[in-house]
Amino acid sequence: MRVFIYSAHPYEQPFLEKEACQHEIVYTNQRLSLETASRAAGFEAIAIFTADDASAPVLEKLAAVGVRYIALRSVGHDHVDLAKAQALGIHIANVPEYSPYAVAEHAVAMLMVLNRKITESRLLLQLQDYRLDLLTGFDVHGKIVGIVGTGKIGMAFASIMHGFGAHILAFDPVQNPDASALQISYVPFDTLLQQSDIISIHCPLNEHTKYLFSWTAFNNMKPECILINTARGGVIHTKALLHALENDCISGACLDVYEHEKGIFFQDLRGQTMHDTLYTRLLALKKVLITGHQAFLTREALTGIARTTMQTIACWESGSPVPSELTTTIHQPLYSIK
Ligand code: NAI
């Protein structure tokens, strides 16, 4: 099948090429949007990433130029209007699992860099300032770690934290049967907020989790708490987070995702003025560590993403069932939180 790949970055192209098999691939580094949708004319299948816009008007345009299949090169599908796709007869599938370890290990890396002040240490060393006075961190051993979302990534993170000797609390409407092996205690969301020294977010962004970390949530957290978000920016109310950080309601934040990251992350913006003041204020804070949505970026994960994407398209081409096909019905919430 001919496949048009939006938001194709040099880091992933060798992996996509290797897994392409019989497919003919054409790349663009442009994001999918109303303006770029017509570029898919002549392609039955496209593959998109998290910064692409697959909202209703864009899907209409894609359908009009003959697109029938959209492979998401991501786990998250909060950027896709599934109901509209279904109504237009466009098939959508994600990559439900590639390497949960990639994301979990990045979350741990961010925690340790912030906690042990590795960034400051490097800067001081470059100045030949070997004093330790500004570099005191804390042991993770013995701390209470709260995990929001104990799916694949949340459990991989829990396993590492268990190895560190932390006590693990979790909040998830669906309890993971493997949680007891790591002595994870499921608690109400407010209890997790009140008791945790470290909180890591690993739930999807949907109507239940949008702004789960709200003004009220930050008021409930310990002042020494470090919040890690490698899930989706919209789970956190960013203005409330900034206020909480600036007023010492929490002690730090590790953010691989940001509510308004579209148009910032994945781009080369060198030399350009950054107009998003919420972002620049966060970036300026020493107690905040930001990475640009790179938690997935390991060779193993890129191989997994490329392989599943190409296999999905091959299944569509041959008429075989696609295990990771997304429909609105299976993604209706089966629960209510709190
Ligand atoms: P998963 O589907 O295995 O696990 C998600 C868990 O969240 C499930 O256990 C589910 O029950 C739980 N959940 C759903 N609603 C919840 C709520 N209201 N409160 C608490 N928990 C809730 O997904 P996986 O693979 O662990 O990925 C999690 C998220 O990580 C993805 O949805 C995606 O947004 C994000 N992600 C980020 C990446 C990055 O590079 N930063 C890469 C891959 C995924």
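The values are calculated or read from the model by the stated rules, or taken from the named source; none is laboratory data. Computed from a prediction, not measured in an experiment: that's the story for all the values here. Here Cβ is always computed from backbone atoms with ideal geometry, including for glycine, and neighbour counts include all displayed protein chains. Just so you know, the surface numbers come from the protein's heavy atoms only, side chains and all, with ligands and any DNA or RNA stripped out. Shrake-Rupley method; radii C 1.70, N 1.55, O 1.52, S 1.80 Å.
Yes or no: ARG73 within 16 Å of the ligand (Cβ to nearest atom) and in contact (Cβ under 8 Å) with a residue 12 or more places away in the chain? The answer is yes for ARG73.
Within region 93-146, the set of residues being open to solvent by 10 Å² or more (accessible area, probe 1.4 Å), closer than 29 Å to GLN195 by Cβ and among the small types (Gly, Ala, Ser) comprises ALA109, GLY137, GLY142. Under the condition of being touching a strand residue (DSSP E or B) at 6+ places or on another chain (Cβ under 8 Å) and either in contact (Cβ under 8 Å) with a residue 40 or more places away in the chain or not assigned by TED's automatic domain parsing to the domain that holds PRO223 (or both), the residues counted in region 267-284 number 1. For region 13-42, the tally of residues that are surrounded by fewer than 22 Cβ atoms within 10 Å (Cβ to Cβ) and either in a loop (DSSP other than H, G, I, E, B) or of a type in the set (A, V, I, L, M) (or both) stands at 16. Please verify whether VAL257 is touching a Phe, Trp or Tyr at 6+ places or on another chain (Cβ under 7 Å) and within 13 Å of the ligand (Cβ to nearest atom), treating the condition exactly as stated. When the stated conditions are applied, VAL257 does not pass them. Does region 54-64 contain any residue that is modelled with pLDDT of 95 or more, within 29 Å of ASN229 (Cα to Cα) and open to solvent by 50 Å² or more (accessible area, probe 1.4 Å)? Within region 54-64 (the criterion being modelled with pLDDT of 95 or more, within 29 Å of ASN229 (Cα to Cα) and open to solvent by 50 Å² or more (accessible area, probe 1.4 Å)), the answer is no, since none of the residues qualifies. Taking the criterion of being without any contact (Cβ under 8 Å) to a residue 24 or more places away in the chain, closer than 13 Å to ILE144 by Cα and in a helix (DSSP H, G or I), the only residue of region 169-193 that qualifies is THR191. Restricting the first member to region 149-168 and to residues that are in the same structural domain as ASP197 (by TED's automatic domain parsing) and among the aromatic types (Phe, Trp, Tyr), and the second to residues that are within 15 Å of the ligand (Cβ to nearest atom) and open to solvent by less than 20 Å² (accessible area, probe 1.4 Å), the beta-carbon pairs closer than 6 Å and six or more apart or on different chains are PHE157/ALA104; PHE157/ALA107; PHE157/SER200.
Which of the residues belonging to region 243-266 are farther than 17 Å from LEU111 by Cα and touching a strand residue (DSSP E or B) at 6+ places or on another chain (Cβ under 8 Å)? Within region 243-266, just GLU259 meets the criteria.
This table checks each residue for (1) assigned to a helix (DSSP H, G or I); (2) polar (S, T, N, Q); (3) within 11 Å of the ligand (Cβ to nearest atom); (4) more than 26 Å from ALA170 (Cα to Cα).
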{"site": "ILE228", "(1), (2), (3), (4)": "no, no, yes, no"}
{"site": "LEU245", "(1), (2), (3), (4)": "yes, no, no, no"}
{"site": "CYS249", "(1), (2), (3), (4)": "no, no, no, no"}
{"site": "GLY271", "(1), (2), (3), (4)": "no, no, no, yes"}
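There is no residue in region 170-191 that is closer than 18 Å to LEU289 by Cβ and either within 16 Å of the ligand (Cβ to nearest atom) or in contact with a Ser or Thr (Cβ under 6 Å, 6 or more places away or on another chain) (or both). Just one of the listed residues (ILE236, ILE305) is touching a Lys or Arg at 6+ places or on another chain (Cβ under 6 Å) and open to solvent by less than 50 Å² (accessible area, probe 1.4 Å), and it is ILE305. A single member of LEU289, LEU283 is closer than 30 Å to GLY137 by Cα and out of contact with any helix residue (DSSP H, G or I) (no Cβ under 7 Å at 6 or more places or on another chain), and it is LEU283. Among the residues of region 256-297, the one identified as touching an Asp or Glu at 6+ places or on another chain (Cβ under 6 Å) and of a type in the set (S, T, N, Q) is THR291. Residues in region 300-331 that are within 23 Å of TYR6 (Cα to Cα) and among the β-branched types (Val, Ile, Thr) were compared, and the one that is nearest to the ligand (Cβ to nearest atom) is ILE305. With respect to ILE153, determine if the residue is touching a helix residue (DSSP H, G or I) at 6+ places or on another chain (Cβ under 6 Å) and either outside any helix (DSSP H, G or I) or crowded, with 19+ Cβ neighbours inside 10 Å (or both). So ILE153 passes the test. The set of residues in region 1-12 that are open to solvent by 90 Å² or more (accessible area, probe 1.4 Å) and assigned to a strand (DSSP E or B) contains only ARG2. Filtering region 203-219 down to residues that are outside any loop (DSSP other than H, G, I, E, B) and surrounded by fewer than 16 Cβ atoms within 10 Å (Cβ to Cβ), which residue is nearest to the ligand (Cβ to nearest atom)? Checked region 203-219; the qualifying residue nearest to the ligand (Cβ to nearest atom) is THR216.
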